[in-house]
Amino acid sequence: MYDADLSHLRRLEAEAIFVFREVVAEFEHPVMLYSIGKDSSVLLHLARKAFFPSTPPFPLLHVDTGWKFREMIAFRDKIVAEYGLRLVVHTNEEGRAEGVTPFTHGSSRYTDIMKTEGLRQALDKHKFDAAFGGARRDEEASRAKERILSFRTATHRWDPKNQRPELWSLYNARVGKGESVRAFPLSNWTELDIWQYIYMENIPIVPLYYAAKRPVVERDGILMMVDDDRLPLEPGETPVEKSVRFRTLGCYPLTGAVISQAATLPEIISEMLRARTSERHGRLIDHDQAGSMEKKKQEGYF
Amino acid sequence: MTASSTISAKAELERYIDAQEDKGMLRFITCGSVDDGKSTLIGRLLWDSKLIFDDQLAALEQASSKVGTQGDNIDFALLLDGLQAEREQGITIDVAYRFFSTDKRKFIVADTPGHEQYTRNMATGASSADVAVILINAEKGILTQTMRHSYIVSLVGIRKVILAVNKMDAVDFSQTRFEEIRKAYGEFSHDLGFDEVVAIPLSALKGDNVIKPSANMSWFDGPTILGQLETVDISSAEQNDAFRFPVQWVNRSSSDFRGFAGTVAGGKVQTGDPVLVPSSGQIGTVARIVTFDGDIQEAVAGQAVTIELEEEIEISRGELLSTPDARPDTGDQFEAKIIWMNEEPLLPGRRYLIKLGTSTVPARVTDIKYKVNVNTLEHVAAKTLSLNEIGICNIALERELSFDPYAVNRTTGSFILIDWYSNATLAAGSIDFPLRRASNIHRQFLDIDKKARAEIKRQRPMMLWFTGLSGAGKSTIANIVEQKLHERGKHTYILDGDNVRHGLNKDLGFTDADRVENIRRVAETAKMMIDAGIIVLASFISPFRSERQMARDLVDDNEFWEVFVETSLDVCEERDIKGLYKKARAGEIANFTGIDSAYEPPENAEIRVDGGAGTPEDAADKIVGALEEAGVI
């Protein structure tokens, strides 16, 4: 039950806080996936609200592929220090030792190995039985189908055809040994909600979301930022300075920039309101094959 | 970017956010039978409110031509059927959530599956909705699924319904047909407790009466679908405003702070208000309402806060803080409507877990009063509920909890049932009213079986048949095994010569025939005990294979384990604790096993322990270990 006067953002906020508290109360070893993007920033902000005056009673987990934008890592370290949080960084060392990069193995294989497999390794290693993630149902068709508390088998698999019924706010938090859940407090938020909330609550985000002159090359229709000298330039490619920003942040070779002059939050939001493409458009991994996100999710991707 | 344009963008945004702040949110579901056009309607709403992005459109066009069912037209259903299996089979399996907004409201829509086998997913979507859009295919009229979904919509407490009579283009936009369906639905839904049913004729495919009034149906002067969604009043008049606060988590940020974190589930609370702790009956006073954004004076329904009390009262997760003026019911029995959502049927008497508010305790369905035939709303006698069946049941909790009738409060009056072993969500329910013990003394026949009885004990009933020579150590080992099982809370019973020969079998001697009858009676007794859910330890010399086989055949597979306590005759005779061997050798006892009567050793005993070497303790450990491994305990 809710008061009809609560604005939709306050309702979404309360729903997310409720999910955080349920999971912390019911699971032994929760963790929050922290990907450093805007959704993670909102997620962390909500976690701090849920447990205030305590700090969130779980660590953050960053699965570092080694290909994140440098500004993301700097931002991560600053936030963790400022809020007094515990951070677990995990890299799939076998993948790194084998030289797996987006350029050598393709975005799909690279994501499987460095992100999905890396995540599974980290969850197993630390025996986390619940992992918060910032996924939203408006992002992609298979995400739109997922429960707020989404059950995973002992091998981290999602069975989309046989999800637990989830009625009211009664989340079934019972899992067997080795099994776990992914918890998605932001399930019912839209991209616009996220931006509005960031603005309303003054939540810090990585500066890459704001437009600035950055060196980019255009490849396969995607503007790729030359974040460091590991980006192999193809013949004829010369980085050019363009005013760009990112609508979503991931590994820099897999994340496309958009041409933009929006250097402030109000400008970003008004640009969004006029946008004609969805934010995951800049993500290369969704385009590999039909149903690719569902497949990745079944295998353990967030 | 110039300073002035930044300022204007900021001003534009602030105006926009102000407008957003005034907007309410409406959550609704679309439901109805398969092929009623649910997904098409949502696709149309998203499309016409310009919420389909260019890249999504491109993907949609591509998918439409590949697997679509609308020829060259865009198949809107593909926008929602996001799972690969759904696209391939052309059906909706699970609920999908979509988001759109107009100038008046923000909407979250749950598109729910029409197939009966996915009813639980439909219920999932319905449980969080304020309004239900029930689609009916104008060609087909009211179908079983229409009625099932209407009943579930009513069950989860939705009181506002839009009856969307779709595919009007296929019946030549016939007003007669529309009125026919409207009337039939009105008759059917009369007893479902809806406050309002607004019927709208439409064509989701063509867009008639979805957003724009239809030129083809000028005879209809009611609202469009979107018009109704934008204006339907969802401030629930019936909503009880008694303060309710299920405690989720106790926040101890420092030694001098103890706050109770939760979401207000009804009414409101202010600092200084008295609050009741129902489990202990104590009343505390709200000292502070703590939030990240600072303390607040008042918290209303739907707000997530942390409450600190003046007094030091023991409160943990699961407690339902309430106003002392309108107390919740506190008890361990209630009547409820439940919808069964698992392939394994409901078994009355079986021990399930119930999650009610923030409490999870063991509970049983003690009685199914009747189930509801959703086609006719008739009451049908039932001993069980199968997948997707809805029943009115009595439920008994193992511990008292506080709750409200669902009609009074959706949050404190709803629950789910969870399986102890698989952890599956088995059922969802809404509480009708509490039951006092006195009003529930009369119990109907309960179908309680061996498994149900054993589950109370969290064990698997079985018979451990200890066989071996006299003095082999059978009883000694069986006794230690029983002690070890008892320590683990297992319910056991030992049958041996001492307690059987003095009572049940005191008419029997030691002839071969009497030995056989002795074992037969013991085996039959053990069988009944297994049926009672008990782990039976039978300790008898039982020298003949055929009698041991008879005992084995009496019970189900895996319920009989032969434990061969193998001790040589020399060792047994040397021990001769009861002096029997001496007497037998002296000819004072006839037919003594090992002396003048044969012992037929087991050929395939499940467990073999050496009664000569090692201690009885070791032998018992081996047996308990094997029971553990087999999942008996």
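Looking across B:Ser316, B:Ser280, one residue alone is within 13 Å of another protein chain (Cβ to nearest Cβ), small (Gly, Ala, Ser) and exposed (fewer than 15 other Cβ atoms within 10 Å of the Cβ). It is B:Ser316.
Consider region B:343-365 and keep the residues that are among the aliphatic types (A, V, I, L, M) and in a strand (DSSP E or B). The one that is surrounded by the fewest Cβ atoms within 10 Å (Cβ to Cβ) is B:Val361.
Let me confirm something: among B:Ala261, B:Ala204, which residue is within 14 Å of chain A (Cβ to nearest Cβ), small (Gly, Ala, Ser), touching a strand residue (DSSP E or B) at 6+ places or on another chain (Cβ under 6 Å) and touching a residue at least 40 places away in the same chain (Cβ under 8 Å)? Result: B:Ala261 is the single residue among B:Ala261, B:Ala204 that is within 14 Å of chain A (Cβ to nearest Cβ), small (Gly, Ala, Ser), touching a strand residue (DSSP E or B) at 6+ places or on another chain (Cβ under 6 Å) and touching a residue at least 40 places away in the same chain (Cβ under 8 Å). Among the conditions (1) of a type in the set (Asp, Glu); (2) away from chain B (no Cβ under 11 Å); (3) part of a loop (DSSP other than H, G, I, E, B), the only one that A:Glu218 does not satisfy is (3). When region A:134-172 is filtered for residues that are among the basic types (Lys, Arg) and touching a Phe, Trp or Tyr at 6+ places or on another chain (Cβ under 9 Å), the ones remaining, listed by number, are A:Arg136, A:Arg137, A:Arg143, A:Lys145, A:Arg147, A:Arg152, A:Arg164. Note on region B:111-129: residues that are polar (S, T, N, Q), in a helix (DSSP H, G or I) and at pLDDT below 85 amount to 2. For B:Thr376, the conditions (1) farther than 21 Å from A:Asn172 by Cα; (2) out of contact with any Lys or Arg (no Cβ under 9 Å at 6 or more places or on another chain); (3) not in a loop (DSSP other than H, G, I, E, B) are fulfilled apart from (3). You will find that of A:Pro185, A:Pro165, A:Pro160, the residue that is buried (at least 19 other Cβ atoms within 10 Å of the Cβ), more than 21 Å from the chain's Cα centre (by Cα) and within 13 Å of chain B (Cβ to nearest Cβ) is A:Pro165 and no other.
The residue that is surrounded by the fewest Cβ atoms within 10 Å (Cβ to Cβ), among those in region B:551-599 that are among the aromatic types (Phe, Trp, Tyr) and in a loop (DSSP other than H, G, I, E, B), is B:Tyr599. Of the residues B:Arg159, B:Arg177, the single one that is out of contact with any strand residue (DSSP E or B) (no Cβ under 6 Å at 6 or more places or on another chain) and either of a type in the set (A, V, I, L, M) or in contact (Cβ under 8 Å) with a residue 60 or more places away in the chain (or both) is B:Arg159. Might you let me know whether region B:266-275 holds any residue that is touching a residue at least 60 places away in the same chain (Cβ under 8 Å), surrounded by 13 or more Cβ atoms within 10 Å (Cβ to Cβ) and more than 11 Å from chain A (Cβ to nearest Cβ)? No; the residues of region B:266-275 include none that is touching a residue at least 60 places away in the same chain (Cβ under 8 Å), surrounded by 13 or more Cβ atoms within 10 Å (Cβ to Cβ) and more than 11 Å from chain A (Cβ to nearest Cβ). Taking every residue in region A:203-220 that is more than 20 Å from A:Phe75 (Cα to Cα) and pairing it with any residue that is small (Gly, Ala, Ser), at least 6 positions away or on another chain, the pairs with Cβ-Cβ distances below 7 Å are A:Val216/A:Ala257.
Do you know which residues across region A:62-88 are basic (Lys, Arg) and modelled with pLDDT of 95 or more?
Correct list: A:Arg76, A:Lys78, A:Arg86.
Against the condition surrounded by 21 or more Cβ atoms within 10 Å (Cβ to Cβ), within 14 Å of chain B (Cβ to nearest Cβ) and small (Gly, Ala, Ser), how does A:Ala50 come out, does it pass? Considered against the rule, which asks whether it is surrounded by 21 or more Cβ atoms within 10 Å (Cβ to Cβ), within 14 Å of chain B (Cβ to nearest Cβ) and small (Gly, Ala, Ser), A:Ala50 comes out as yes.
Can you spot a residue in region B:105-114 that is of a type in the set (D, E, K, R) and surrounded by 24 or more Cβ atoms within 10 Å (Cβ to Cβ)? Yes, region B:105-114 contains at least one residue that is of a type in the set (D, E, K, R) and surrounded by 24 or more Cβ atoms within 10 Å (Cβ to Cβ).
The values are calculated or read from the model by the stated rules, or taken from the named source; none is laboratory data. It should be emphasised that the depicted structure is a prediction, and the values quoted were computed from it without experimental measurement. Glycine gets a Cβ as well: all are built from the backbone with ideal geometry, and neighbour counts include every protein chain shown.
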